[in-house]
Amino acid sequence: MTERARIRRAIAALRAQRAILREQLEEINENLRRVPNPSRARRELLAARVAIREALRLNAIAIRLLRSVL
């Protein structure tokens with residue numbers, strides 16, 4: 001397998017990961033509408049949302065870097 005093909009596969013995997021992260025973010029936002037404000041569950045959801053947003057940011061950077069190598 002060529003290096004270019006490996007990079008393309010990595011980009012495809014990152015795009016798939018991005019779709020999953022977006023679904024999870026959507027689900028968290030939906031749950032935040034139902035969870036009472038001062039609660040442990042809400043704090044955990046907010047922390048998970050921050051982590052997923054960071055993962056999406058890093059994912060975009062990785063895709064951009066891999067594309068620049070192609």
Self-check item: Matching residues, the stretch 4-15, being open to solvent by less than 50 Å² (accessible area, probe 1.4 Å) and either over 27 Å from SER68 (Cβ atoms) or under 13 Å from the mean Cα position of the chain (by Cα) (or both)
Solution: LEU14
Practice problem: Would you confirm whether any residue within the stretch 22-35 is on the phi < 0 side of the Ramachandran plot and outside any helix (DSSP H, G or I)? | Solution: yes
Self-check item: Selected residue [loosely packed, with under 13 Cβ neighbours inside 10 Å and either in a helix (DSSP H, G or I) or of a type in the set (S, T, N, Q) (or both)] from ARG67, ARG42, ARG18, ARG49
Solution: ARG67
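The values are calculated or read from the model by the stated rules, or taken from the named source; none is laboratory data. Fair warning: this is a prediction, and the values are worked out from it, not measured in the lab. Note that each Cβ is placed from the backbone with ideal geometry, even for glycine, and that neighbours are counted across all protein chains shown. The protein model used for the area step is the full one, side chains on, heavy atoms only, and it has no ligands, DNA or RNA in it. Shrake-Rupley method; radii C 1.70, N 1.55, O 1.52, S 1.80 Å.
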